[in-house]
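The structure appears below as structure tokens.
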Amino acid sequence: MQYVITLSAGTSVESDRFVALVETEDASALVDRAPETDALRVSTCLMRHELHALASVAGLLIDADAIELLPSDCCGGCGG
């Protein structure tokens with residue numbers, strides 16, 4: 001699943017801590033910052049509530065609504 005985490009203006013993010021926590025829970029996860037918006041982009045098998053909990057542990061205080069699940073872009077070609 002892919003998510004976009006919208007950060008409030010002026011939010012200071014210790015993204016390395018958040019990335020480490022996400023990767024501990026899902027070793028195949030990818031997390032980066034969208035340069036055009038400064039939002040966090042996450043590709044993971046974790047659920048929204050799990051990401052919200054990890055964000056809280058990392059000191060990223062956001063509303064659960066700030067974590068948006070993106071529509072699937074799966075073409076089905078791999079059979080998945």
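Structure values in brief
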{"item": "P(r) tail fraction, the chain - alpha-carbon pairs more than 14 Å apart, %", "result": "61 percent"}
{"item": "Cβ-based net charge around L51, under 11 Å, with every Lys or Arg adding one and every Asp or Glu removing one", "result": "-3"}
{"item": "Length-normalised contact order of the chain in % [C-alpha pairs under 8 Å, at least 6 apart]", "result": "43 percent"}
{"item": "Rounded to 10°, Cα long-axis angle of helix 48-57 versus longest principal axis of the chain", "result": "30 degrees"}
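Quick note: the coordinates plus some simple rules give every number you see, no bench work behind them. This is a predicted model, so every value here is computed, not measured. A quick note on method: Cβ atoms are made from the backbone with ideal geometry, for glycine too, and the neighbour counts reach across all protein chains shown.
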